[in-house]
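S.K.: The structure is given below, and queries will be raised subsequently.
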Amino acid sequence: MIKDEIVSGVAELVVWWLGTRRAKLVGMSHESMAVNPFLIPLILALEDTRSSDELAHLLLSGHFAIGHATGFGKLIDEKILPDVFGTTKLTSKFRAVPPWSASMFDEIDHLVTMPNGEVYLLSQKAGRWTIQLTMAVQLNRAFTELLRARDAGGIAFNGIVVGVFYGRNEELTDKYDILRGINRGKAHDVIDIRDDVQVYAGRRFWSWLNENEDATQEWVLEGILRGIEVSNRTHGPISESLDAYEAELSRHYAKYIASDGRIDWFGILRAING
């Protein structure tokens with residue numbers, strides 16, 4: 001795909017995504033937050049927090065960091081890959097039809113058809129720490145089952161790719177070797193399938209996705225930045241909605257903070273846990 005198609009496509013989806021995040025923020029109440037009453041004293045001890053405004057800001061930052069990361073992963077997986085790069089997302093509707101309903105496809109997120117007609121099964125991951133040992137072994141077994149089904153003539157594809165949004169191949173943990181059946185140290189119960197399963201991280205992944213165009217990741221980022229610019233110009237910065245939510249949260253926790261900065265941790269505990 002050419003640069004203009006990718007930049008404009010990503011930008012359009014980013015405008016949509018920011019709109020959904022803004023709408024969610026406006027409609028949320030502080031009561032929807034899941035606050036851990038045992039953890040926040042430890043976090044605040046590191047931050048030396050003294051006011052309800054500081055407490056609200058810290059709680060909100062952690063809360064939305066998780067939500068934003070999850071939401072961004074869905075943006076890539078459910079929108080940018082299929083709508084911009086033309087992959088076939090294995091949705092629940094798609095998986096309802098054999099052979100895709102088989103459990104061996106559970107770890108596959110997309111089908112990627114190359115211009116030369118080759119078809120690859122794509123398992124999408126976020127970063128270097130996304131998978132742990134148990135998942136790596138599980139992936140190896142699922143991929144092995146898929147390859148055996150292919151070799152028996154049950155399904156047709158050229159190979160399996162594990163795509164990692166960000167990072168470098170050389171910085172990935174050994175779990176990405178284990179899923180290919182490569183044991184670097186302790187011997188794990190895995191099968192060597194390295195010839196049919198490739199791992200591409202960061203630039204290598206985005207390049208592979210777009211006919212080996214090296215600049216693809218820069219085009220994706222440019223689209224994100226353009227989408228932010230359009231969203232801010234059209235709807236205003238999302239920070240305005242965030243400030244209002246933070247002010248509400250601050251008012252809620254102000255009653256637990258004395259004038260000298262002491263925090264009624266037991267009051268917060270009882271309010272959350274009963």
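The values are calculated or read from the model by the stated rules, or taken from the named source; none is laboratory data. If you're wondering where the values come from, they're calculated on a predicted model, not measured in any experiment. Methodologically, a virtual Cβ is constructed for each residue, glycine included, from the backbone with ideal geometry; neighbour enumeration extends over all protein chains shown.
S.K.: What residue, of LEU111, LEU122, is crowded, with 19+ Cβ neighbours inside 10 Å and not in a helix (DSSP H, G or I)?
M.R.: Of LEU111, LEU122, the one residue that is crowded, with 19+ Cβ neighbours inside 10 Å and not in a helix (DSSP H, G or I) is LEU122.
S.K.: Only one residue in GLY154, GLY117, GLY163 is small (Gly, Ala, Ser), surrounded by fewer than 21 Cβ atoms within 10 Å (Cβ to Cβ) and touching a residue at least 40 places away in the same chain (Cβ under 8 Å), so which one is that?
M.R.: GLY154
S.K.: SER123 - would you say it is small (Gly, Ala, Ser), touching a Leu at 6+ places or on another chain (Cβ under 9 Å) and not assigned by TED's automatic domain parsing to the domain that holds VAL7?
M.R.: Yes: the conditions hold for SER123.
S.K.: Considering only helices (runs of 4 or more DSSP H) fully contained in region 1-103, which possess at least 2 residues that are at pLDDT below 85 and either of a type in the set (D, E, K, R) or closer than 30 Å to ILE155 by Cα (or both)?
M.R.: Ranges flagged: 3-27, 52-74.
S.K.: Follow-up. State whether one or more residues within region 234-244 are under 22 Å from GLY73 (Cα atoms) and without any contact (Cβ under 8 Å) to a residue 24 or more places away in the chain.
M.R.: Checking region 234-244: at least one residue is under 22 Å from GLY73 (Cα atoms) and without any contact (Cβ under 8 Å) to a residue 24 or more places away in the chain.
S.K.: Among the helices (runs of 4 or more DSSP H) contained in region 165-274, which hold 2 or more residues that are under 30 Å from LEU139 (Cα atoms)?
M.R.: Of the helices (runs of 4 or more DSSP H) lying wholly inside region 165-274, those with at least 2 residues that are under 30 Å from LEU139 (Cα atoms) span 175-178, 203-209, 216-235.
S.K.: Kindly indicate the residue of region 226-268 that is closer than 14 Å to PRO41 by Cβ and surrounded by 15 or more Cβ atoms within 10 Å (Cβ to Cβ) and also modelled with the lowest pLDDT among those meeting that condition.
M.R.: Only one residue fits best here, namely TYR253.
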